[in-house]
Every structure is written in structure tokens, then in C-alpha cells.
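Contents: one structure, followed by commentary.
The values are calculated or read from the model by the stated rules, or taken from the named source; none is laboratory data. Since this is a predicted model, take the numbers as computed values, not measurements. With ideal geometry, Cβ positions are generated from the backbone for all residues, glycine too; neighbour counts draw on all protein chains shown. The protein model used for the area step is the full one, side chains on, heavy atoms only, and it has no ligands, DNA or RNA in it. Shrake-Rupley method; radii C 1.70, N 1.55, O 1.52, S 1.80 Å.
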Amino acid sequence: GGGEVFHFRDEYVPIMRLHRAFACADAVTDIEQGIVVVVADAGRRVGLLVDDLLGQPQAVVKSLEAHYQRVQGISGATILCDGSVALIVDVSGVVRLGQRRKAA
């Protein structure tokens, strides 16, 4: 499709840059400085370019739609032990959002 890909376990996987999908100004944009996290969406692998991995805490996820409004690419939020809010990425929604922004 003309987008970026990388070689991962004998296949080429498309890269989705989360900073573009969510229009983040202060994000890591250089793929050499970031981390590519491989996730599956409807049986298809996608590499998400992220700034950093903060761990794998167990969390209670609350719906944003029920308490705020629907946010494309985000499935919910949780409050971390330090009181900060972490958003939970909806992989299918992010892929759709990235495809729409690429087409625009």
C-alpha cells in the first residue's frame, strides 16, 4: 500500500506511527529512537511505533464513552498507582484511524 514496513519473523509488517494517528507534537518520530510493538488486528500484524514501554501493570479499565465521549483509537482509561491517567489503545480503532489519515 506504499506505507512503511519492517521485516519481522519472515514477513513484512506495516508500521503505524501513533504520533501521527493521535497528532502528538512531542513524540518520538525517528524509528531508531522509538520502539515498534507488534500487535494483531483481525489476524493481521501491525507494528505500532511508540516512545517507550512503561511495563505491564494490572489495571481496571473504564470506558471513556460511558464517562466522557467516544474517542477514536482509545478503548478506555485507567488510573495508575501514582494517580496519573493512562489511555488504553484500541488496536483496530488505531489502524482504521491511521488508514483514514494516510488517505486524507
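Each label was represented as a point 7 Å from its Cα along the Cα-to-Cβ direction; for H19 and Q33 these points are 0.6 nm apart.
Counting Lys and Arg as +1 and Asp and Glu as -1, what is the net charge of the other residues whose Cβ lies under 12 Å from the Cβ of Q33? Working shown, then result.
Details: positive: none; negative: D30, E32, D51, D52.
Net of charged neighbours comes to -4.
Label-to-label distance, E11 versus T78, with points set 7 angstrom from Cα along the beta-carbon direction: 2.7 nm. Under the combined filter of DSSP loop state and at most 14 neighbouring Cβ atoms within 10 Å, the stretch 1-92 retains these chymotrypsin sites (Phe, Trp or Tyr not before Pro): Y68. Using the 1.4 Å probe convention, the accessible area of the chain works out to 72 Å² per residue with neighbouring protein chains retained. Take the alpha carbon gyration tensor of the stretch 40-95, find the square roots of its eigenvalues, order them as a ≥ b ≥ c, and report rounded if a/c is under 1.5; if not, report prolate when a/b exceeds b/c, else oblate. Oblate is the answer for the stretch 40-95, as a/c is 1.5 or above yet b/c matches or exceeds a/b. With both labels modelled 7 Å from their Cα along Cα-to-Cβ, the I88 to D52 distance reads 2.3 nm.
Compute the relative contact order of the chain as a whole-number percentage, counting only Cα pairs closer than 8 Å that sit 6 or more residues apart in sequence.
Rounded, it is 20 percent for the chain.
With a cut-off of at most 15 other beta carbons within 10 Å, and DSSP calling the residue loop, which trypsin sites (Lys or Arg not before Pro) in the stretch 15-82 qualify? Please list them. Please list the in-between numbers first.
Values: sites: R17, R20, R44, R45, K62, R70; in loops: R70.
For trypsin sites (Lys or Arg not before Pro) across the stretch 15-82 that sit outside H, G, I, E and B with at most 15 neighbouring Cβ atoms in 10 Å, the list reads R70.
Grab the DSSP H runs of the chain that are 4 residues or longer, score each as -39,500 (n - 2.57), total them, divide by all residues and round the 222 nm result to the nearest 500 deg cm²/dmol.
Estimated from H runs of four or more residues: -5000 deg cm²/dmol.
Would you work out if the chain is rounded, prolate or oblate? Take a ≥ b ≥ c from the square roots of the eigenvalues of the alpha-carbon gyration tensor; rounded if a/c is under 1.5, else prolate when a/b is larger than b/c, oblate otherwise. Verdict is prolate for the chain.
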